[in-house]
Structure formats: structure tokens, C-alpha cells
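Participant: Pasting in a structure now, in C-alpha cells, and then I'll have a few things to ask.
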Amino acid sequence: MRVLIFGGTGFLGKNLVEYLMEKKYDIGMYIRPQAIHQNFIQERKTSIELYCGEFQSEGDFRSIVHGYDVVYHLISSTVPGIVNPLQDIETTIKPSLRLLEACVKESVKKIIFFSSGGTVYGVPKMVPIQETYFGQPISSYGIQKQTLERYLQFYQYTYNLPIMILRIANPYGRYQRPFSQQGLIANFLGRFLTGMPVEIWGDGGSIRDYICVSDVINAAERVLHYDGPYNVFNIGSGKGESINDIVQIINQLTSSELMIKRYSGRKVDVPANILDVSRARNELGWIPTIPLTEGIREMLSYWNPIEKNFEGR
């Protein structure tokens, strides 16, 4: 099976590429020109077909997707907490529509979209949240993801383009960078390893669903072969942990006390977000397997605090 990955040099993308390579898929990657120099790419370039370009300015994706069975779409120009709707439209939504057009014209058999279970639902009326709940996102990032979900549904209905949407909770794990604006666990660990205080907005009681990246990627491979009645899946642990809980786990694992700076709460932070993952369990035969404490311990074990890029080993 020939698989093309958009966004393969990001945190989730690198893990997806590694996993699919181990499974012996025929893989292509669409990357920015400057990414060609990354060690991750250099070490794998003889085994992967590479396409270089700027996603937001690519006029026609047909020649790129031609001959591929499945397209994974992981690209997003912004992260939660950033408010720039015009940038979302120009750099993510518009080029994504051009990608969908190309997939239709080139008869791609399936497109798999990595959405955000942590933001598309907004402030839920109850938890855990089922896929049938139509959320009202309160962040620009969540609106972007929901908009693309709806366009994907439109293309499936109108053009019979097979789609799969994974609403991923709060992933953490290997290849995640600590000092980006996304990934609370990675951020906290990175600050601990460099002697910096962690930053907490609000009282630390906000509850999130954290899922180890290896479990996410396992689900992403399972939907490759799924042909059942559903095209939207929550991918999370099905459990909730507060920010204060994360602090306590890290303190226990490191036998230390995190330094904390507290700030006023932000409007983009919902009080609680826990995903109902029963559909993925029943339809895909998928269950999360990595307990949170074990997953955080693994992150600590492969990060080298001397190396500032935190690429992992």
C-alpha cells in the first residue's frame, strides 16, 4: 500500500513515519524545503519518496498525490492558544481544500485527517464526550479543525472521497518539543530539565485527556484498513487528569518539586475534556495501552537534558 504523509516532520508525523516504515508500507512525505536537512529525513531519505514544497502556496497537488492509495493530512499552521483566523484560512484551510480536490481527481482511496479532540468540542455539556456531540470550539485552532472536518464530510458526500477523522486528545511522547506552544507534559518536562519554572494558567484544576503517541499511531494505522460505518473516532485515554495531577506525577518520578509560576486563567482553556473512546474500541479493536505515569517515565528516559534540541535518542 502506498501512503503519502503531509506533516511528517512534526511530532505526530515522525512517529507515524517510523511506525509505518516498520510495517513495511511504501511511504511518501510532503515536506518544506528546509526540512530536507533534518537528521530525521537524512537518515530515511533513501527509503522514502520526498516531495518538497510550501503547503500554503502549493497550487496543485495532483502530481504529488498521484499513485498513492492513502493520504494522511497532519498539517496545521497554528496551535491552540494562538488567535489568528485569517492565517488559519490562508495557510491551512485553503491549501487543504486544494489537497482534497487533488485527492478526488486522482482517485485516492482514503484520506485520514488528524483533528483535535481537545479543541473541536469546546466546553462540553458532559464528559466523557462522544463523537456525536457537535461542539462549539472556543479557540481559533478548534474552529480550523472543525471547519476542515466539515469540508471532509462534504467531499465524501459529494464526491465519494473516503475519509477518516481522528479526534486526538492531548498526545505526548517521543519527538515532542518542550518549548513550542503545544504539549503541556513536554513543556513541563523540558522546563524541569533546564531548571525553569513551569507556567500554569488558572488554579491547575483544568482536566484533560492525555494519550501516549504510540497509542495514537496504532489507531492511525488501524483506520487504514477500516471499512465500517463510521468515519470519526475519538482517540484518547478515556480518563481525565488535572494540571495539578501532572505536576504531582512529575514530582514523584523525579523526586523533586517543580517550580511553578501561576497566571490568571485563559478564555481558550475549557474546564474539562475527556473523550469517550468506546467507538474506537468496538470498531477498530483499539485500546490505549500506555498508562500516563509510564508514558511520562519513558519521555524522561529518552530525553537527554544536555542536548537542547530534545530530539530524543
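Participant: Looking at the range 105-116, is at least one residue assigned to a loop (DSSP other than H, G, I, E, B) and within 28 Å of Val277 (Cα to Cα)?
Facilitator: Initially, the range 105-116 is screened for residues assigned to a loop (DSSP other than H, G, I, E, B), giving 106-109.
Imposing the further condition that a residue be within 28 Å of Val277 (Cα to Cα) reduces the set to 108-109.
So far as the range 105-116 goes, yes, one or more of its residues are assigned to a loop (DSSP other than H, G, I, E, B) and within 28 Å of Val277 (Cα to Cα).
Participant: Condition first: at pLDDT below 95 and either of a type in the set (A, V, I, L, M, F, W, C) or part of a loop (DSSP other than H, G, I, E, B) (or both). Can you find one or more residues in the range 85-100 that meet it?
Facilitator: For the range 85-100, residues at pLDDT below 95 and either of a type in the set (A, V, I, L, M, F, W, C) or part of a loop (DSSP other than H, G, I, E, B) (or both): present.
Participant: Related question: Restricting to the range 15-57, and then to whatever is of a type in the set (Phe, Trp, Tyr) and more than 23 Å from Cys212 (Cβ to Cβ), can you tell me which residue is surrounded by the fewest Cβ atoms within 10 Å (Cβ to Cβ)? I'd like the intermediate steps shown before the answer.
Facilitator: Initial filter on the range 15-57 (of a type in the set (Phe, Trp, Tyr)): 19, 25, 30, 40, 51, 55.
This time we only want the ones that are more than 23 Å from Cys212 (Cβ to Cβ), so: 30, 51, 55.
Working: Tyr30: 26, Tyr51: 15, Phe55: 22.
Going through the qualifying residues, I end up with Tyr51.
Participant: Also, quick follow-up: Scan the range 85-131 residue by residue and report those that are in contact (Cβ under 8 Å) with a residue 60 or more places away in the chain and of a type in the set (Lys, Arg).
Facilitator: Across the range 85-131, the qualifying residue is only Lys110.
Participant: Then there is this: Hey, could you check the range 134-176 for residues that are hydroxyl-bearing (Ser, Thr, Tyr) and buried (at least 17 other Cβ atoms within 10 Å of the Cβ) and say which is farthest from Glu298 (Cα to Cα)? Please lay out each step first, then the result.
Facilitator: Start the filter on the range 134-176 by keeping residues that are hydroxyl-bearing (Ser, Thr, Tyr), which leaves 139-141, 147, 151, 155, 157-159, 172, 175.
If we keep only those that are buried (at least 17 other Cβ atoms within 10 Å of the Cβ) too, we end up with 139-141, 147, 155, 172, 175.
Values: Ser139: 31, Ser140: 32, Tyr141: 29, Thr147: 35, Tyr155: 40, Tyr172: 11, Tyr175: 12 Å.
Of everything passing the filter in the range 134-176, Tyr155 is farthest from Glu298 (Cα to Cα).
Participant: Restricting attention to the range 226-234, does a residue exist that is under 20 Å from Gly117 (Cα atoms) and among the hydrophobic types (A, V, I, L, M, F, W, C)?
Facilitator: For the range 226-234, residues under 20 Å from Gly117 (Cα atoms) and among the hydrophobic types (A, V, I, L, M, F, W, C): present.
Participant: Scan the helices (runs of 4 or more DSSP H) fully inside the range 177-277 and keep the ones with 2 or more residues being assigned by TED's automatic domain parsing to the domain that holds Leu74, modelled with pLDDT of 95 or more and among the charged types (D, E, K, R).
Facilitator: 213-222
The values are calculated or read from the model by the stated rules, or taken from the named source; none is laboratory data. What you are looking at is a predicted structure, and each value in this text was computed from that prediction instead of being measured. Every residue, glycine as well, gets a Cβ built from its backbone with ideal geometry; the counts of neighbours run over all protein chains shown.
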